[in-house]
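Each value in this text was obtained by applying a stated rule to the coordinates, not by laboratory testing. Note that this is a predicted model, so its numbers are computed, not measured. Cβ coordinates were reconstructed from backbone atoms using ideal geometry, including for glycine residues, and neighbour counts include every protein chain displayed.
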Amino acid sequence: MSIVHAFEALVIAHMTTGSVGIVSVWFPILTKKGSLLHRRAGRIFVISMLATGTFAIGISLCTLTAPIATHQHLVDHPEFGDAETIRTVFGWMMLYLAFLTINLAWYGWRCVKTKNDRAANRRSENLLSQAILLVLTINCLVHGWAIQQPLVIGISFVGLATVATNMWFLYKPNAQKMDWLQEHIKGLVGAGISVYTAFFAFGALRFIPEAALTPFLWAIPLVTGLSIIFYQQFQVRRKFMPRAG
């Protein structure tokens, strides 16, 4: 199998599992927390995100290996036509975003499994996930800076914030009883932001390539997702924190 055929197969698999995530994410958000539907839909969403992120890693590695061959439709595009830009945007940035999705989905799932037992959440694979994400984030930032692509530079700070807040929860002193629930919300809704970002931005490449790096297109899932996170976390604080004392 040629690298182009592998790339195309990975794209199909990525779109399939990503479509499951795009639909299933709304069930845990909108259904009663802790209900059977909430838990089952959440499990489907997490699995779909882990699979989607894994396929995206394969896509990014194919792009890094053969940027022009895997993106022939962009060769004549004035903004994406050179190999270095394709490598940066659809190789390094996608690799970073793919692992960000995996990190958030895994972290959010672990938070609900371990709850207040943060020592159990500090298992080696979870800490390794934070370290890998930090390296990929810095790598994306460096490559974005090298080609002076503002969106690539800006989106890198999401990874830095993710690692910082994840580590803060894992090691913060005097953690509150419901902190795990707020982190669970942040992780899984954050993974939802990631899959919708890919749907809007990278999906635009197939139809409107010049819109793929438009900040407005990237802002739609980010603003929507952050609003959901802040609202859900506010509800948690209002409902549970008085009881924790």
Margin query: Applying a 10 Å radius around every beta-carbon, put 139-150, 120-131, 155-166 in order of their mean neighbour count, most first.
Written below: 155-166, 139-150, 120-131
Note to self: Helix-only estimate, please: 222 nm mean residue ellipticity of the chain, summing -39500 (n - 2.57) across DSSP H runs of length 4 or more and dividing by its residues, to the nearest 500.
What the structure shows: -25500 deg cm²/dmol
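Report the gain in length on full extension from Gln72 to Ile3: 0.36 nm times residue separation, minus Cα-Cα distance, nm rounded to one decimal.
23.5 nm
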Check: Using the C-alpha gyration tensor of the chain, what are the square roots of 5 times its eigenvalues, in whole angstrom, with the largest one first?
Finding: 33, 18, 16
Checklist line | the chain: angle of helix 124-146 to the longest principal axis, Cα-based, in degrees nearest 10 | finding: 40
Next item on the list: Please determine, in degrees from 0 to 90 and to the nearest 10, the orientation of helix 3-24 with respect to the longest principal axis defined by the Cα atoms of the chain, where the helix direction is its Cα long axis.
Entry: 30
